[in-house]
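Where a number appears in this text, it was derived from the coordinates with a stated rule and is not lab data. Please read these numbers as outputs of a predicted model, since none were measured by experiment. With ideal geometry, Cβ positions are generated from the backbone for all residues, glycine too; neighbour counts draw on all protein chains shown.
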Amino acid sequence: MEALATKMAITVTICLVRGQGTRADKDANNSYNQVLTAIRNHACDFSTPLEATNILEWHGLCLKGLHPEAGELRTCNVKCGDYARPRGFKVPTAVDEYVTGANSVSQRLDLSGSAKAAWCFYYLCRIHPFREGNGRISRLMAIWALARHGLPWVFCLVPLFTDDKHATIESTATSRKAYIGAIKKAQVGKGQEGADTRPFAAHICKCLLTTLRTCKGFPSGYRCKVGDFDFHSHSCDPLVDDEDT
């Protein structure tokens, strides 16, 4: 299982490092190994709540040597597509509110691991707290949420999209195109304040099922939690939006 975890760590690193201007050399990969270890240690210590400083530390490791503002919140205003993000001076408060929400969501017993990971990914990405690397740190937060939920580490190392260049019928469901489509569906929501993260939770579940097939079963001694690997369960997950946290 350790060998499989190493293989999955390499696979998820390929997914994590996708980004504009990313360097994928030995030093950059070592930084990703360090951040994955830090996230695993934190998530598995259930007595330690998430703090904003954790996110800054992990982002700093993630973009070490890649961006001069690694580990620093943005102070400028940004817009991504048609969606304006919080103005620069509001970012610290927005991140603090996110951390409170992530701690609350991670403790809920009525949500699957995929639902928690979807929330932690989407709402950090929506804030866009950094100049660069927002997708990468958001994907790392999805890994944190899966580990905090109690999934074996090998299942937490789930790539949220696969390479479109060598797509198969199976991989199309977890392709980068499907990944972006799920994010856009979450933005549209259900006509209420906040966003409906269930489409993205369903996408993460598909990625988990792909990982399950890669692992060829569950680790010995692991008892699957209801809904974690049931794709259809996410249509019944309680809506997780700003009002719920």
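For a footprinting-style exposure proxy, rank ASP45, ASP82 by other Cβ within 10 Å, fewest first. Walk me through the numbers on the way to the answer.
Working: ASP45 10, ASP82 6.
Ascending Cβ contact count within 10 Å gives the list ASP82, ASP45.
Multiplying the residue separation of ARG87 and GLU72 by 0.36 nm and removing their Cα-Cα distance gives an extension gain of 3.9 nm.
Beyond a 23 Å Cα-Cα separation, which of these cross-linked pairs lie in this structure: LYS90/LYS185; LYS64/LYS177; LYS79/LYS177? Listed pairs above 23 Å: LYS90/LYS185; LYS64/LYS177. Across the range 90-106, rounded Karplus estimates of 3J(HN,Hα) from the backbone phi angles (6.51 cos²θ - 1.76 cosθ + 1.60, θ = phi - 60°) give 8, 4, x, 5, 4, 5, 4, 5, 4, 4, 4, x, 5, 5, 5, 4, 5 Hz, Gly and Pro being marked x.
Placing a label point 7 Å from the Cα of GLU51 along the Cα-to-Cβ direction, the residues of the range 92-115 whose backbone N falls under 20 Å from that point are 92-107.
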